[in-house]
Structure formats: C-alpha cells, structure tokens
C-alpha cells in the first residue's frame, strides 16, 4: 500500500536520478586529486541541502573526509561511505562512457553507481525524504564519507584520530548492500580485510634473443615459479603461519551460512562457468566465501604481449597480488610472512612491495541495529532478508568500529549483475527507490528497536 513516503519518493524520483548522474559524472579515481576534491565538495553540498551540519577534515596530500551530522536521539548511527571509485579501464568494454552516466532499460550505468556513489547518495536522499514526511530524525545520523576506500583507506585512521568523537556511536551502516537473484536483501555484517602487494624481479640487464633460453634466466619463468609456491591446487595458501590467526567459525555460524540461499546456477551463468574453482561444491563455496582467506593474482606483466611475434627472453617481470583476510588476520603480519616465504624458498631476488592493507571486521548478529535493518529491508523489498556474516570485499569497518565493538550492517540495492569494479557497472532504479524507502524507515525503527 502506497503511503506518504512512497509518494514523496515518486515525486522526486526524476530529480534524484539526475543527482545520481551528476555525482557519477565526476571521475573521482585515486590518480586525480582535483576530481576527488570535486566529489568531496559535491557530497558536502548535498548533505547541507538535506539539513546536515557539515565539515571537511583534510590532511596534506590526502583526500578529504566529509562529515555530515543531523537528527537527535539517544542512539547514533554512523554511515560509512566513500566518494572515490575504481579505475574505469578498459574503456573500450563499456557500452556507454563510464563518466557519461546513461539511463536505459530501467537502470543507470556509470563507474561508481553501485560502488559506492549510489549507496551514499540514497542514504542522504533518505534523510531528505524522512524530514519532508515525518520531521526531524529520531536518531543522530553521522555520515563519514572518505576518498581512499578503493585504495585501502590508508589515511582514514589518521583522519578519524583528529576527533575521537567521530567513531562514538551505537552502530554503523556499512557501505554498499545488495539483493540476490530472487530479490532478497542480503545484509552483510562485516567484510574481509586485504593485503595488496606487488612482486618484481629482474634476471637480465636487458631483454635477450630467445635463442639464449638454454642458459639465460627468464624473468617471467622466475616469477611464475615463485607464484606457484604460494597456493596449492585446492586453494590452500602454503605460506607458513598464514592461517595462525584465522578465527574458526563456530558450528552455529557454519550452520547459519550453509542454510543461506545460494543460486549457484545464476553465479555460473553470470561468469560463464562450468564449475567453481578448486572443484568446490555449492556448500563449500558458500562457507569458503565467508570464512576462508584467499590468495589471488590480479595481473602479470612481462616480455612481449603486443600483436605479432617477437622472440625475446624477458629481463623483467612483475605481478600484483591480493590476499583477502578474515578475522583476526593482520595485513602487516601477512606481508612479513610473504616476504619470509619467498626468502625461505630461494626467491630472495624477488622484490615484494606492500601497497595497501586493511584489517577484516565481522560484527555481531544479535544487535538492535541488525534487527532494525532486517525489518526495514523486508518491509521495503517485500521478501525475507538474509544475514550474511562477511562480504568478499573490503571496507574500513575495523577502523571505524573496533574501538567500541560496534555492530555493522549493509542496507542497499546492488544486484548480482551490477558489475562493480567492471565495465558497464549499473544499478536497477526500482531497487534504488526501495532502498531509499528502507533507509528512511530504518531511521525511525532504529530509534526504538530493542
């Protein structure tokens, strides 16, 4: 049944869609400081328009942290968001340009529209809608919108340290959120951490004729040999000490995850798979996605890879790798273990460069915030919501939440084909309006939820 909130959302849908297109048109990639500042200023202005008190916290050479606060009540909810985006390359794989947001077939296509600009904007628009329909928010809502999330939130801790009160709260609304292939809200209660590193090796002063492959060392082979020691064929990381700090899930946690719906056929369809990696079955995939760390090769560069032929022995090779971490792994310790592993296996000549690291965080299920979000999501989407302990991705929730051991949860509108981090990233507008309604309802439900 439509009510005043639905009527307000419908009335302002066109304007809000244009706002989303305007924000997504800002190419706020990590390599463009001016675009990052433009996005920060845009977010601050939109927060003010929604009635928030705002400020930007800046440190030299660091994208600004945008802070917006509004509402009054016994509870404080912290909204953790980011305005930076992943690089849009390869541009040729986009149907329409990534920073010329396109609306077609009921969806919006643009870089960052799902991760994370759509989600940060809908939460601000929900404040506007709540105020217009119901009046002042009955909770204190604090937005923390950073500009380094896609590169590891390296400075967020220092930015938050300028004011300890920024992380004082009762719960945190985690960035993002999604529904599954059946439209059921997926409420994530944490995220994996990450260690991102680059490995580099040089074996020759310069590239050589491949006729010398009988006796000249090949950098590509050297790197491949080193990479082959990191993980076995079953996906088990072979680095000594890697699993020492992994928190084992309880029997109840395993049973909860195993019982969650999982549309394996849809996942296989989206990615064109015949079967899952490492020969995993459906239940193993579900459990591993929640509770196991990973070792992943993001890319390898060496030698001649252009069109045509060129018979060379590469002098240099490099790769970028990431490790998704689970509680209670520490990225700095994992980086040290990687270095020790290479040395122990005779690869002291391979340089390891630590690029970024974020600690994992998993909040509790039994919390008023989680119950309020579940109720709001089920009301708006009309389907049972499912509590998922951990996302496969990384966000800075440990930095924000660990001091007060806050519960954290997502509430959003991404879908299995959203293509976050990929060409043709998109959101479905029908889900967007439902997520605004759910978020506006959360602002009232959380005030009194037991």
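The values are calculated or read from the model by the stated rules, or taken from the named source; none is laboratory data. Remember, predicted model here, so these are calculated numbers, not experimental data. Here the Cβ positions follow ideal geometry from the backbone for every residue, glycine too, while neighbour counts run over all protein chains shown.
If residue 127 passes every condition in (1) more than 30 Å from residue 4 (Cβ to Cβ); (2) buried (at least 24 other Cβ atoms within 10 Å of the Cβ) but one, which one does it miss?
For residue 127, the failing item is (1).
Using beta carbons and a limit of 8 Å, which pairs, at least six apart or on different chains, have the first residue in the stretch 155-181 and farther than 30 Å from residue 450 by Cα and in the same structural domain as residue 138 (by TED's automatic domain parsing) and the second one assigned to a loop (DSSP other than H, G, I, E, B) and modelled with pLDDT under 95?
Listed by first residue and then by second, the contacts come to 181/263; 181/416.
Is it the case that residue 172 is modelled with pLDDT of 95 or more and under 17 Å from residue 396 (Cα atoms)? Give the derivation first.
On the way: modelled with pLDDT of 95 or more: yes; under 17 Å from residue 396 (Cα atoms): yes.
Spelling it out, residue 172 is indeed modelled with pLDDT of 95 or more and under 17 Å from residue 396 (Cα atoms).
Just checking, how many residues over the stretch 266-292 are in contact with a helix residue (DSSP H, G or I) (Cβ under 6 Å, 6 or more places away or on another chain), part of a loop (DSSP other than H, G, I, E, B) and more than 21 Å from residue 418 (Cβ to Cβ)?
Number of matching residues: 0.
Looking at the structure I just gave you, is residue 136 in contact (Cβ under 8 Å) with a residue 40 or more places away in the chain, surrounded by fewer than 24 Cβ atoms within 10 Å (Cβ to Cβ) and closer than 28 Å to residue 101 by Cβ?
No; evaluated as a whole, the condition is false for this residue.
Just one of (1) on the phi < 0 side of the Ramachandran plot; (2) touching a strand residue (DSSP E or B) at 6+ places or on another chain (Cβ under 6 Å); (3) in the same structural domain as residue 429 (by TED's automatic domain parsing) trips up residue 152, so point out which.
(1)
For the stretch 209-265, which positions are outside the structural domain of residue 344 (by TED's automatic domain parsing), in contact with a helix residue (DSSP H, G or I) (Cβ under 6 Å, 6 or more places away or on another chain) and either assigned to a strand (DSSP E or B) or surrounded by fewer than 17 Cβ atoms within 10 Å (Cβ to Cβ) (or both)?
Within the stretch 209-265, 258, 264 meet the criteria.
State which residue is nearest to residue 415 (Cα to Cα) when the search covers only the stretch 97-117 and only residues that are surrounded by fewer than 21 Cβ atoms within 10 Å (Cβ to Cβ) and touching a residue at least 40 places away in the same chain (Cβ under 8 Å).
Only one residue fits best here, namely 107.
Inspect all residues belonging to the stretch 288-301 and state whether any of them is under 27 Å from residue 216 (Cα atoms) and more than 24 Å from the chain's Cα centre (by Cα).
yes
With respect to residue 7, determine if the residue is farther than 29 Å from residue 156 by Cβ and without any contact (Cβ under 8 Å) to a residue 40 or more places away in the chain.
yes
I'm checking my understanding of the structure. Among residues of the stretch 266-276 that are exposed (fewer than 12 other Cβ atoms within 10 Å of the Cβ) and under 23 Å from residue 415 (Cβ atoms), which one is modelled with the lowest pLDDT? Spell out the reasoning first.
Of all residues in the stretch 266-276, those exposed (fewer than 12 other Cβ atoms within 10 Å of the Cβ) come to 271-272, 274-275.
Narrowing the set further to residues that are under 23 Å from residue 415 (Cβ atoms) leaves 271-272.
Working: 271: 93, 272: 96.
Only one residue tops the list, namely 271.
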